[in-house]
Amino acid sequence: MIDALLHPPGTGKEYLADAVRVLGVLSAAAALVLLGPVETALFLLVLLGLLVSRALAVFPGFDTVYGLVLLTAAWSSVADLYARIPWWDLAVHCAATGVLAVIAYFLLVQFGAVPAVQRPHRASRSLPVVVPLLVLALGLGMSVLWEIGEWWGHTYVDARINVGYADTMTDLVAAGLGSLAAGLCLGFAVRRSGALLHTPVAHHRTGR
């Protein structure tokens, strides 16, 4: 993971993914100078997530989308878009949970906890089906934890945090749909390329 994190970009897609990480650094700096400690902590957390995806050596195209989704979610909170646009919260829940579930899958692959296609390999008929189901399960699990966190924040930190049966259920449905869509896309990538990741100990970022 350290080798992948420190390896310089080698393709246009990898440069684009790193450009999104630069936007993360700039966002954190802007929050530190112009906003406040809460916003700064938020963007530092996003930046950590952007570094995790680089360390995992995920697909460069997905890496870019993942970074943009996290930054969009963070800036939407800062700009209060969740309150201004009624459907925006569900859209971000759907997209963010989907990409985070895929990252969680890559992380579990790194530690050998879930199946991964390696090179050289035999074609797997079951993996394109197993991958979407695992990503869906991971997304739903993370979404449940998020909703518990929202309830805790509403109860013990700030009563303005929106909670309630309808809000929780719609968030879970959106998260499930996003995770299923992300899992199906990843399963399609497995079916098309026959390769999901390098071996769990990855020494470079190319060929992802």
*Hey, among the residues in the stretch 1-11 that are out of contact with any Leu (no Cβ under 9 Å at 6 or more places or on another chain) and either of a type in the set (K, R) or in contact (Cβ under 8 Å) with a residue 60 or more places away in the chain (or both), which one's surrounded by the most Cβ atoms within 10 Å (Cβ to Cβ)?*
H7
*Taking the residues in the stretch 12-47 that are of a type in the set (V, I, T) and either closer than 22 Å to T97 by Cβ or open to solvent by 60 Å² or more (accessible area, probe 1.4 Å) (or both) as candidates, determine which candidate is nearest to the chain's Cα centre (by Cα).*
V46
*Please list, ordered by first then second residue, the pairs with beta carbon atoms under 7 Å, 6 or more apart or interchain, first in the stretch 131-150 and at pLDDT below 90, second of a type in the set (S, T, N, Q).*
E147/T168
*Restricting the search to the stretch 1-41, which residues are part of a helix (DSSP H, G or I), closer than 30 Å to G112 by Cβ, of a type in the set (G, A, S) and touching a Ser or Thr at 6+ places or on another chain (Cβ under 6 Å)?*
A17
*Any pair with Cβ under 9 angstrom, 6 or more apart, that starts in the stretch 166-192 at a residue that is closer than 17 Å to V114 by Cβ and ends at one that is aromatic (F, W, Y) and modelled with pLDDT under 85*: L186/F59; A189/F59
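The values are calculated or read from the model by the stated rules, or taken from the named source; none is laboratory data. Everything numeric in this text was worked out from a predicted model, so none of it was measured. Positions of Cβ are backbone-derived with ideal geometry, glycine not excepted, and every protein chain shown enters the neighbour counts. Remember, those area values only see protein heavy atoms, side chains included, never the ligands or the DNA or RNA. Shrake-Rupley method; radii C 1.70, N 1.55, O 1.52, S 1.80 Å.
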